[in-house]
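First up is the structure itself, then whatever we jot down about it.
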């Protein structure tokens, strides 16, 4: 940034230097003059001269050429009092489109002693104020363009990057850092430098820092790179040193807030963000990061508000649209989720997280083909997205492709060992496969990661029930209900545990509570059917069994219970119907084949009885020897 006073009458001349032959990079610029700047009818020629002059010098020294690619009229907000505020206004109203840089010009003079230019390294935007002398504007444009290639304001008398009294040429530090950034990325969703150049950038900035010239920009530049490298302690340290030099800089507070949040210190992050609000309330990234922090604190309404504010300030903020979509997905607001995902993908079609969330939305719509297609597309872009593997696991579980589901959950956990939902879902998959010990391990891991995970407590109870551990199951159900008193599944499991403990009246009461909370839950209907059958209230039992099957047509246990009940009443065709349903649901459920053999025997269909009996034996079921003996007496 440069002040008006330091530029008013200075004519800039680059020192003559020559670089070896090198590749030429062309940077596309979108020009955006505001309405005041456009009042001078000669403005197009002035801008072309300014850009041509900068392009000539940058091409000579760095192999970088600037090309005007588009023009856009900027209706600047006349209430803005600083150039920095105008930069945010420009970012809100003029989008990059297919250009690398947006270059805004303003003739507003609301703040006469404000800085004359400002650039945003991470975003590719510049705002320049109209100056009396064209030579000073040429210098100003070069200064801000150098910022976009990593240069910092310096205390260096002879350098163009001197923040107080500009010099005539380039210092060695600026040359090195600009050449390192020559091929930087201008996509706002991608960090400017690739990973393999970050350590080199740190080395260059640290060499400058060791001169101890009190240059806040050097500390900020280092903080930006340390943050990208996930070195949060170094980020915070550099930000603190920057604010020691100038406590009115907003960026160090913002960067340290992000670092604190990524360290898990969300409250400290929020305190840093509050300092930014005081200094630069219209910064879209601030509101985006506030949205993330509030999400982590489960303050969902506040998070939605902040994401919407970020989008209001920067309509092409793909990440904010994507994060807002994820919140809507968690609230089961499917239409809103899809709408926000589509907005994010319109801006950045390669945004893997938006594709992942879109897959989740179609999963809720039970459009599993679309859900899988979007999830697969997300993984093509980023194979290490833990959430996508978890989503795919859910899709495969719904398709009863349990082994594939387990594979996806395990991939999610490999990428992120602390992924609570992946552990929980893996437990569900193991429970489905009757791998009970593995299921217990995963549910316990989910609870270890998040003690208030009431679904994990409830499913852990279900696993304990499979092992006959009724007392342990009761404790887990009670814990789930303590966390969420309206969780019907926990009441259903508790009812089953109480019945196993020999407390049928208590079990029945709890099952009725589960049905009252969630009438479409099949399990408590089946349990009440069992209790009513024991009381010889057969018709009532039948009603509950049938309701369970209506709610869940592939409910194996309910079909088996009905088959058994009909068999006891010598209603063999009805009994056979439900046993056949059982083997349709699970072709390897040997007891159902045995029961079909018995029913067929009583119906005098001996060939069919032999067939079912053999199937039961092939599956490892120990059939009754008396039935085998009786069948041998019958003619083949």
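For segment 261-283, the set of residues classified as in contact (Cβ under 8 Å) with a residue 12 or more places away in the chain, over 25 Å from the mean Cα position of the chain (by Cα) and part of a helix (DSSP H, G or I) consists of 275, 279, listed by residue number. Within the span defined as segment 193-201, one or more residues are assigned to a loop (DSSP other than H, G, I, E, B) and within 36 Å of the chain's Cα centre (by Cα).
If you check residue 214 against the conditions, is it within 31 Å of the chain's Cα centre (by Cα), at positive phi and assigned to a loop (DSSP other than H, G, I, E, B)? No, not satisfied. Looking at segment 2-19, is at least one residue touching a helix residue (DSSP H, G or I) at 6+ places or on another chain (Cβ under 9 Å), at pLDDT below 95 and within 24 Å of residue 287 (Cα to Cα)? The answer is no; no qualifying residue exists. If you go through segment 170-185 and keep only what is in contact with a strand residue (DSSP E or B) (Cβ under 9 Å, 6 or more places away or on another chain) and farther than 18 Å from residue 23 by Cα, you end up with 170, 171, 173, 174. Taken over segment 479-528, residues that are outside any helix (DSSP H, G or I) and closer than 19 Å to residue 466 by Cα amount to 3. May I ask you to verify whether residue 570 is in contact with a helix residue (DSSP H, G or I) (Cβ under 7 Å, 6 or more places away or on another chain) and not in a helix (DSSP H, G or I)? Spelling it out, it is not the case that residue 570 is in contact with a helix residue (DSSP H, G or I) (Cβ under 7 Å, 6 or more places away or on another chain) and not in a helix (DSSP H, G or I).
Which of the numbered conditions does residue 189 fail, given that it passes all the others? Conditions: (1) more than 25 Å from residue 59 (Cβ to Cβ); (2) modelled with pLDDT of 95 or more. (2) is the only condition that residue 189 fails.
When segment 397-420 is filtered for residues that are modelled with pLDDT under 95 and buried (at least 21 other Cβ atoms within 10 Å of the Cβ), nothing remains. Checked against the criteria, residue 258 does not count as within 16 Å of residue 325 (Cα to Cα) and assigned to a helix (DSSP H, G or I).
Of the strands (runs of 3 or more DSSP E) lying entirely inside segment 90-151, those carrying at least 1 residues that are assigned by TED's automatic domain parsing to the domain that holds residue 76, within 29 Å of the chain's Cα centre (by Cα) and more than 24 Å from residue 219 (Cα to Cα) are 101-106. Of all the residues in segment 610-623, those that are assigned to a helix (DSSP H, G or I) and farther than 15 Å from residue 583 by Cβ number 1. Only one of the numbered conditions (1) farther than 26 Å from residue 400 by Cβ; (2) in a loop (DSSP other than H, G, I, E, B) is violated by residue 587, and that is (1).
Looking only at segment 54-73, residues that are in contact with a helix residue (DSSP H, G or I) (Cβ under 6 Å, 6 or more places away or on another chain) and buried (at least 20 other Cβ atoms within 10 Å of the Cβ) come to 4 in all.
Restricting segment 340-375 to residues that are assigned to a helix (DSSP H, G or I) and without any contact (Cβ under 8 Å) to a residue 12 or more places away in the chain leaves a set whose member that is surrounded by the fewest Cβ atoms within 10 Å (Cβ to Cβ) is 369. State whether one or more residues within segment 540-561 are under 29 Å from residue 507 (Cα atoms), more than 45 Å from the chain's Cα centre (by Cα), at pLDDT 95 or above and not assigned by TED's automatic domain parsing to the domain that holds residue 505. Among the residues of segment 540-561, not one is under 29 Å from residue 507 (Cα atoms), more than 45 Å from the chain's Cα centre (by Cα), at pLDDT 95 or above and not assigned by TED's automatic domain parsing to the domain that holds residue 505, which makes the answer no.
Any residue in segment 93-101 that is under 23 Å from residue 135 (Cα atoms) and either at pLDDT below 95 or surrounded by fewer than 16 Cβ atoms within 10 Å (Cβ to Cβ) (or both)? The answer is no; no qualifying residue exists. Can you spot a residue in segment 200-216 that is under 30 Å from residue 97 (Cβ atoms) and without any contact (Cβ under 8 Å) to a residue 40 or more places away in the chain? Taking every residue of segment 200-216 in turn, none turns out to be under 30 Å from residue 97 (Cβ atoms) and without any contact (Cβ under 8 Å) to a residue 40 or more places away in the chain.
When 238, 251, 215 are checked against the criterion of being at pLDDT 95 or above, within 17 Å of residue 173 (Cα to Cα) and buried (at least 21 other Cβ atoms within 10 Å of the Cβ), a single residue qualifies: 215. Among (1) under 30 Å from residue 318 (Cα atoms); (2) in contact with a strand residue (DSSP E or B) (Cβ under 8 Å, 6 or more places away or on another chain); (3) surrounded by fewer than 21 Cβ atoms within 10 Å (Cβ to Cβ); (4) modelled with pLDDT under 95, there is one condition residue 81 misses while meeting the rest; what is its number? Unmet condition: (2). For segment 391-431, filtering for residues that are touching a helix residue (DSSP H, G or I) at 6+ places or on another chain (Cβ under 7 Å) and in a loop (DSSP other than H, G, I, E, B) leaves 4.
The values are calculated or read from the model by the stated rules, or taken from the named source; none is laboratory data. Just so you know, these numbers come straight off a predicted model, no measurement behind them. Cβ atoms come from the backbone with ideal geometry, glycine included; neighbour counts cover every protein chain shown.
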